[in-house]
Amino acid sequence: MADICNKCGLLKDLCVCEVLDKQGANKITIYTTAKKFKKLVTIIQGIEKEHIDQTASELKHKFACGGTSKDGIIILQGNHKKNVSAVLEKLGYPKESIEVR
């Protein structure tokens, strides 16, 4: 038997719950700050906890950098502030909810 989504009741192949969850996202804020030894890190706030690990993994892979996700925040090593919003849009987050400081 085909897998059925618990949330919407459609087949997993037709389910759009994940896309709708991303579209209903809060305001996503992207900024940089200096950490130890004046090294810059990029901070991304506002991504839901159920998507944060997957999004952090995609961003780290795309920018070939280290980073972590904890307490609802993604921290990427280096200054990636200019490019993060484009990658988040490709991952399905709406452009209107992304704010770069």
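Residue by residue, here is whether (1) of a type in the set (A, V, I, L, M); (2) assigned to a helix (DSSP H, G or I); (3) loosely packed, with under 15 Cβ neighbours inside 10 Å holds:
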position	(1), (2), (3)
Ile44	yes, no, no
Leu76	yes, no, no
Lys82	no, yes, yes
Ala86	yes, yes, yes
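Taking the conditions exactly as written (at pLDDT 90 or above and over 10 Å from the mean Cα position of the chain (by Cα)), does Ile52 satisfy them or not? Against the criterion (at pLDDT 90 or above and over 10 Å from the mean Cα position of the chain (by Cα)), Ile52 does not qualify.
The values are calculated or read from the model by the stated rules, or taken from the named source; none is laboratory data. Small disclaimer: the values here were computed from a predicted structure and weren't measured. Reconstructed Cβ throughout: ideal geometry from the backbone, glycine too, with neighbour counts over all protein chains shown.
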